Amino acid sequence: MIEAYFIHLLILVGIYAILAISLQLAVGFSGLLNLGHIAFYCIGAYTSALLALQGLPFWFCFLAAGFMAMVFGFLLSLPTNKLKGDYLALATLGFSFVVTAVALNWTGLTRGPLGLPGIPKPSFFGFSFANNFWFLILVLIIATASYLIIKRIIQSPFGKALEATRDDELATRVLGKNTLKLKSYSLAISAFFAGIAGSLYASYITFIDPSSFSLMQLIPVLCIVIIGGLASLKGTIIATVVLTLLPEPLRFIGFPSSVVGPMRQIIYSLLLLLILIYRPRGFFGKIELE
Amino acid sequence: MFTQLLVNGLIAGAIYALVASGFSLIYATCKFVHFAHGPVIALAGYFLYLFFSLLGLNFWIAIILAIILAAFFGLAINVLVYKKFRQRKASPVILLIASFALLILFESLILIFFGADVKTIGFIKIAKGSEFAGAIITPLQIVIIIASAVLFALLFLLMKKTKLGKAMRAVADNKQVSEICGISTEKIYNWVFIIGSTIAGVAGILVGLEQNLEPTMGTSLMIKGFTGAVIGGIGSVPGAILGSFLLGLVENFGIWFLPSGYKDAIAFIILFIFLLFRPQGILGKKNQSN
C-alpha cells in the first residue's frame, strides 16, 4: 500500500519535472515569461487522450501530443514575439484562458466539463505499462531523456544565443542573430515538452477534464521554476522533488480532502511570495527576473 | 433582441468598468499589474454575506462595513507585501508574479473558510424586471448602472480637481520629479490602493447581489477587468472604463454568433487583437507600452 503511494508520487514528480524544465527553458533560459504553459500541457493531454481513445498506439499519441503543443507554441510565439515583460505575461495568460474555454465549450470534441474517461494506459508493441511500477520506469526514462535533450539544447550554440537574447536582445541582433526566430523556436520546444508531459498525465490518470488544467495548476510549476532558480536545470530538478513531496504530509495530518487542495495552493503561493521577497534568484538561480 | 443584448452588454460593461478603473488606477500610478485586485472584489462580496446573511446585521451597515474592509484589505496588501518589493527595487515582472501568488493565496483562503458552494446573499427578492424599450431590466441592474456612473464621476472629479488627484497623476507621470516636488510617493500609493479597493468593494457587492458568490469570482472578474483595461489603454482610467464597456457589449453581442460559453474566449481574442496591433490600447499613450 505504502509502496503504491510512493510510486504514485514519483510518477507525479517525473511528470512535473518535464513540465518544469520545459518552462525553465522558456522563462529562465530565454527570458520569456510564459504564464500559458499549462495550456500546452492541456493541448498535449487532450491530443493524446483523443487519439488514444480512437485506438491509436501510445507512441503515436505521445509524439502527436508533443507536436500539436509545439505547433501551438510556435503559433503563439508569432504574435507575441515582440512583446516584453508584463505584456507577454498577460498575452500568454490570455492564451491559456482561450484554451480552457475551448476545452470547456467544444463539447463535440472534448465532452466539455464531463471530461474524457477511460483513456487507455500505454503499451509498447504488446508490452503493457498498465502496472504503475512499469509506468514509473517509463516516466523516468522520458523525464531523463527530456532533461538530457534540454541540457544539450542549452549548451549548444543555439542555447547560448537564447541566453544572449535574454540578456540583451539588441546586442544579439547586432551580432546577426534573428532573435525573433530564436524566441519562437524556444517557445515551440518548450511547448513540445509540456505536450508530452500532458500525454503522460492523461494516460496515467486515464481521465482528464478542463479543471485539471486551470490557472491554479500553474502555481506549483511556476513555484518550482522560481524557487529552483532561473536558468538552472539542477535547481529545477531538486525543487521539483522537494516541492512536489512537500504538501503530501497534509494528507496524513487528517485534513478533509476538500481542504487539502486549497492548502497545497496556499503553501505554494506563500513559498513563492517569500522567495520573491527574500531571495528572488531562487536557490540555484543565475539570473533575476526583469 | 437587439435592445436586450445592448442592455445586458451595458450592465456587464458597468461591472467590468468598476473592476478595470481601480485596476488601471493602480497600474497607472504604481506601474505594475495588481492581480490581487480580484480577491479584494470577492472578499467584499463575502464580507457582505458574512455580516448580512450570517451575522444578521442591518443591510446598509453591512454594505458600508464590507466596503471599508475591502479598502483596508487593499491597503494592507500594499503596505505588507508590495512595499517590501519596492524597497528591494523589484522589477514589475516580479511584482506581477507576486500579485498572481496573492490571487491564488486569497482565493484558496476563501475556499477554505466559506467552502466551494455558491452563496446567495438573498437581500433582493427575485424581482420581476420592468420593460424598457423592448428590453427587460431589473431594479438592481438599474442600480448597478447608476452606481457605476456616480462612482466614475466622483473618480473623475477626484483626479482632476483635488490636490490628492493631482498628486496621483503627478506620481503616475514621473515618480522622481514628484518626489523632488515634495510628494510622498509611498503615501500616494497607499491612497491609490484605498481608492482602487473601495471601487473594487462596490463592484464585489453589486456582483454578489446580482450573480451570487463563488470563490473564483474574483479571478474571473479580474480577467475581464484587465482585458477591459488593456483594450482601453492600461495606464488610462477613462480608457479602462471605455474598454470595459466595449468588452461588455462585444461579449454580449458575440452570443449571437457563438454559444454563450465562449464569452471568455471572445474577450481574449479581442485582447490578443489589441496586444498585437495596438498594445497601448484605445486611449493609452504610445511610450507607456515600453
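Listed by first and then second residue, the pairs linking a residue in segment B:24-35 that is free of Cβ contacts under 8 Å to residues at least 60 places away in the same chain to a residue that is surrounded by fewer than 24 Cβ atoms within 10 Å (Cβ to Cβ), with Cβ atoms under 7 Å apart and 6 or more places separating them unless they lie on different chains, form an empty list. Residue check: A:Gly66 meets all listed conditions (1) in a helix (DSSP H, G or I); (2) within 14 Å of chain B (Cβ to nearest Cβ); (3) touching a helix residue (DSSP H, G or I) at 6+ places or on another chain (Cβ under 8 Å) but one, namely (2). Based on this model, can you work out whether B:Leu102 counts as at the interface with another protein chain (Cβ under 10 Å from one of its Cβ atoms), surrounded by fewer than 21 Cβ atoms within 10 Å (Cβ to Cβ) and modelled with pLDDT of 90 or more? In short, no.
For every residue, the table says whether it meets (1) in contact with a helix residue (DSSP H, G or I) (Cβ under 7 Å, 6 or more places away or on another chain); (2) of a type in the set (Gly, Ala, Ser).
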| residue | (1), (2) |
| --- | --- |
| A:Phe252 | no, no |
| A:Ser257 | no, yes |
| A:Gln265 | yes, no |
| A:Ser269 | yes, yes |
| A:Leu274 | no, no |
| A:Arg281 | no, no |
| A:Gly285 | yes, yes |
| A:Leu289 | yes, no |
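Taking segment B:111-121 as the range and being closer than 11 Å to B:Pro215 by Cβ and more than 9 Å from every other protein chain (Cβ to nearest Cβ) as the test, the residues that pass are B:Phe113, B:Phe114, B:Asp117, B:Val118, B:Lys119.
Would you kindly identify the helices (runs of 4 or more DSSP H) lying entirely within segment B:29-145 that contain at least 3 residues that are more than 18 Å from the chain's Cα centre (by Cα) and under 22 Å from A:Leu271 (Cα atoms)?
So the answer is B:83-87, B:92-114.
Taking residues in segment A:266-282 that are on the phi < 0 side of the Ramachandran plot, and partners anywhere that are among the small types (Gly, Ala, Ser) and in a helix (DSSP H, G or I), the pairs with Cβ atoms closer than 7 Å and at least 6 places apart or on different chains are A:Ile266/B:Ser108; A:Ser269/B:Ala101; A:Leu272/B:Ala101; A:Leu273/B:Ala98; A:Leu273/B:Ala101; A:Leu276/B:Ala98. May I ask you to say which residue of A:Ile237, A:Ile219, A:Ile208, A:Ile226 is at pLDDT 85 or above and touching a strand residue (DSSP E or B) at 6+ places or on another chain (Cβ under 6 Å)? Selected residue: A:Ile208, the only one of A:Ile237, A:Ile219, A:Ile208, A:Ile226 that is at pLDDT 85 or above and touching a strand residue (DSSP E or B) at 6+ places or on another chain (Cβ under 6 Å).
Condition check ((1) within 11 Å of another protein chain (Cβ to nearest Cβ); (2) surrounded by fewer than 20 Cβ atoms within 10 Å (Cβ to Cβ); (3) over 21 Å from A:Thr144 (Cα atoms)) across all residues:
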| residue | (1), (2), (3) |
| --- | --- |
| A:Ser214 | yes, yes, yes |
| A:Val225 | yes, no, no |
| A:Tyr268 | yes, no, yes |
| A:Leu272 | yes, no, yes |
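In segment B:62-99, the qualifying residues are those that are among the hydroxyl-bearing types (Ser, Thr, Tyr) and more than 9 Å from every other protein chain (Cβ to nearest Cβ), and the one that is nearest to B:Tyr189 (Cα to Cα) is B:Tyr82.
In summary, helices (runs of 4 or more DSSP H) completely within segment B:165-246 and bearing 2 or more residues that are at negative phi, within 14 Å of the chain's Cα centre (by Cα) and surrounded by 22 or more Cβ atoms within 10 Å (Cβ to Cβ) occur at B:185-211, B:217-232.
Residues are listed down the side, and each one gets a yes or a no for (1) closer than 28 Å to A:Gln24 by Cα; (2) more than 22 Å from the chain's Cα centre (by Cα):
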site: A:Lys84; (1), (2): yes, no
site: A:Ala91; (1), (2): yes, no
site: A:Ala130; (1), (2): no, yes
site: A:Ile150; (1), (2): yes, no
site: A:Ile153; (1), (2): yes, no
site: A:Arg166; (1), (2): yes, no
site: A:Leu170; (1), (2): yes, yes
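Considering B:Ala12, B:Ala20, which residue is in contact (Cβ under 8 Å) with a residue 24 or more places away in the chain and crowded, with 24+ Cβ neighbours inside 10 Å? Before you say what the answer is, go through the steps one by one.
Numbers: B:Ala12 fails: crowded, with 24+ Cβ neighbours inside 10 Å.
When all the criteria are applied, what remains is B:Ala20.
Checking each residue in segment A:48-61 for being modelled with pLDDT of 90 or more and surrounded by fewer than 24 Cβ atoms within 10 Å (Cβ to Cβ) picks out A:Leu50, A:Leu51. For segment A:81-125, a residue qualifies if it is more than 13 Å from every other protein chain (Cβ to nearest Cβ) and in a helix (DSSP H, G or I), and the qualifying residues are A:Leu109, A:Leu114. Cβ separations smaller than 6 Å between residues 6+ apart or across chains give the following pairs from segment B:181-207 residues that are closer than 21 Å to B:Ile146 by Cβ to residues that are among the polar types (S, T, N, Q): B:Ile199/B:Ser21. I'd like to verify a number: residues in segment A:227-261 that are surrounded by fewer than 17 Cβ atoms within 10 Å (Cβ to Cβ) and on the phi > 0 side of the Ramachandran plot, how many? Of the residues in segment A:227-261, 1 are surrounded by fewer than 17 Cβ atoms within 10 Å (Cβ to Cβ) and on the phi > 0 side of the Ramachandran plot.
The values are calculated or read from the model by the stated rules, or taken from the named source; none is laboratory data. This structure is a prediction, so every number in the text was calculated from the model and none was measured. Positions of Cβ are generated from backbone atoms using ideal geometry, with glycine treated the same way; all protein chains shown enter the neighbour counts.
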